[in-house]
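Presented below is the structure to which this report refers.
Any read-out appearing in this document is the output of simple, stated calculations on the displayed coordinates, not a laboratory observation. Bear in mind that the values here come from a model prediction, so they are computed numbers and not experimental data. Note that we place each Cβ from the backbone using ideal geometry, even for glycine, and neighbour counts take in every protein chain shown.
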Amino acid sequence: MHEVRDLRLDVWVLVSQNSRRNNGSREGASAPSSLLTATPPPSWLATAVLYQDDEVLVLNKPSGLAVHPGPKTPESLENYLPLLSLGRRSPPQPVHRLDRDTSGCLVLGRTRGAVKRLSALFATSQVEKTYWAVVTGAPAEAEGVVTTSIRKHNDHSGWRMVADDKGLRAETHYRVLASGKGAALLELHPKTGRTHQIRIHCALLGCPVMDDPIYGSGAGALPHRLHARRIVLPAGKAGLPIDVNAPLPPETVEILQTLGLWQEGFL
């Protein structure tokens, strides 16, 4: 007779084990009751937790999943937050956002106090953020700084960010990691946190993020190739900064390999 296993519980166990393996978090947490009644979670959730302590979770958000629900995104990360309670009564809450198609490091607070503290760190630009983007074309210079101010513009087709000297100040530092075959891999460090900042700044450099339907030539059938590669939070409870890297999505790795831009160590 074959053993019948609850795949939902298996996923929770994998999430928990992955967290402890990477961060030495406390043992013995019990699965949240919501897990046992929820529909089977997606496979990405089993390895989503990149960092865990008593106050903070850092997830590797998959491309295509919105952080919050909306008219065009009824499914969002909020659907799965109860599965990430990991022994707590209340689910963790995101303290910043990534665009739906942007993958990588997403920070969540596990307590009300942590949510308030972490949100303040993002609001005051005390969080170090690193993004990697596969772009069409390449910048004229191998590294530089974009300081173009931007504002939100609405028209009949929807909204987008546009360059405007009277808009909000936006600053992005960049360097080229690899280039060739009409494309490049950029490392980007936004010093401000404006909506769509990296995407519009790449476009203003003449090299929009690959498959970006708003600021590039993407048709919307494929997700844009922007990844929140690394995040560094100021000293946590242990007194040391929280420094987390998110591995590149397999699809992005495949694109880089096809373009001949892949290098050992990029993972």
ask   = Glu128's amide H: which non-local residues (gap 5+, or another chain) put their own amide H closer than 5 Å, with H modeled 1.01 Å from N in plane and none for Pro or chain starts?
value = Val232
task = Report the local net charge at Thr136: Lys and Arg +1, Asp and Glu -1, summed over other residues whose C-beta lies under 10 Å from its C-beta.
result = -1
note = Exposure-ranked with fewest Cβ neighbours within 10 Å first, Ile200, Ile255 stand as Ile255, Ile200
ask   = Using a basic spin-label model with each label point 7 Å from the Cα along Cα→Cβ, how many nm lie between Arg88 and Leu177?
value = 3.0
ask   = Over 28 Å between Cα atoms, which of Lys129/Lys152; Lys152/Lys181; Lys72/Lys181; Lys72/Lys152 qualify?
value = Lys152/Lys181; Lys72/Lys181
query = What's the local net charge at Arg110, with K and R +1, D and E -1, over the other residues with C-beta under 9 Å away?
reply = -2
key: Inter-centroid distance (Cα atoms) of the range 43-100 relative to the range 204-267, Å   = 18
request  = Between Glu264 and Ala142, take the C-beta separation as r, use R0 = 22 Å, and let me know the FRET efficiency to the nearest 0.05.
outcome  = 0.60
request  = Using the number of other C-beta atoms within 10 angstrom as an exposure proxy, rank Tyr51, Tyr131 with the fewest first.
outcome  = Tyr51, Tyr131
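Net charge within 15 Å of Pro69 by Cβ-Cβ distance, Lys/Arg positive one each and Asp/Glu negative one each, not counting Pro69 itself?
Once all neighbours under 15 Å are counted, the net charge is +1.
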